[in-house]
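Shown next, in structure tokens, is the structure this report addresses.
The values are calculated or read from the model by the stated rules, or taken from the named source; none is laboratory data. Please read all numbers here as calculations on a predicted model, not as lab measurements. Heads up, the Cβs are rebuilt from the backbone with ideal geometry, glycines too, and the neighbour counts pull from every protein chain shown.
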Amino acid sequence: MTSTAESTGSSAAPGKEALVSAAERLIAERGFHGVAAREVVKESGHKNNSAINYHFGSWQGLLDGIWQRHSVPISRERAERLADIGDNSTLPELVAVYIGPLVNEVARATPSYWARYNEQWLASTPLDVTAAGWTGTLSRVHTPELPELYQLGALLDQIAAQLDWLPADDRRRRVSLMSRFVIVALAAVERDAARETHDPARTDPRWPDVTAELVTLALALLRAG
């Protein structure tokens, strides 16, 4: 039975956000198969064990909520950048469109868990993320059907099309490797930035520099050979 606090409109949004935040953090730290629903409920501060079903309908609905929290603003910024560069986009411009909004989303939260959450998702996904089925059919973890993810797939396809010196299959593999490199590298930066202040490994990233370096290294990987 739903608690009175959870059934009020004024507390519904904070209740949902608390569940999203707890699930994102725990999955980022432990992986998709290392987190139980009851732990998320406890960490979120809910007393009702059915809080996930009440707010999201299912565990998969909660995972959709995590994706939506981040993919919507990322997609919006990417759409604006794509409109600015127009149809005759260069490879550096497209790579910057892929990386810049992702870094900005990580930089927006203190601490952020979004890059590490993506890192955990990629661990259960085939190498060719451009064909990982934005329906999630090729992934061992849930992937929502969101228009923002179709936009991402289309962007990665645009990047692959720029690698016209490579066979088609090799282009997709190269873009997939680049994408994984960016996520894993950004997850490492995010992890160090989130350390305790007394930890000597903690860093205070200059996010524009992180973006520039990731773009440079991603281009080098794409152009190799």
Residue pairs meeting the criteria (Cβ under 6 Å; at least 6 apart or on separate chains; first without any contact (Cβ under 8 Å) to a residue 24 or more places away in the chain, in the range 62-88; second among the β-branched types (V, I, T)): R81/V97
Quick check on the range 142-154: of everything there that is outside any helix (DSSP H, G or I) and buried (at least 17 other Cβ atoms within 10 Å of the Cβ), which residue is modelled with the highest pLDDT? P144
Restricting the search to the range 103-118, which residues are touching a Lys or Arg at 6+ places or on another chain (Cβ under 9 Å) and surrounded by 20 or more Cβ atoms within 10 Å (Cβ to Cβ)? Y113, W114, A115, R116, Y117
For the range 159-173, state whether one or more residues are at pLDDT below 95 and touching a Phe, Trp or Tyr at 6+ places or on another chain (Cβ under 8 Å). no
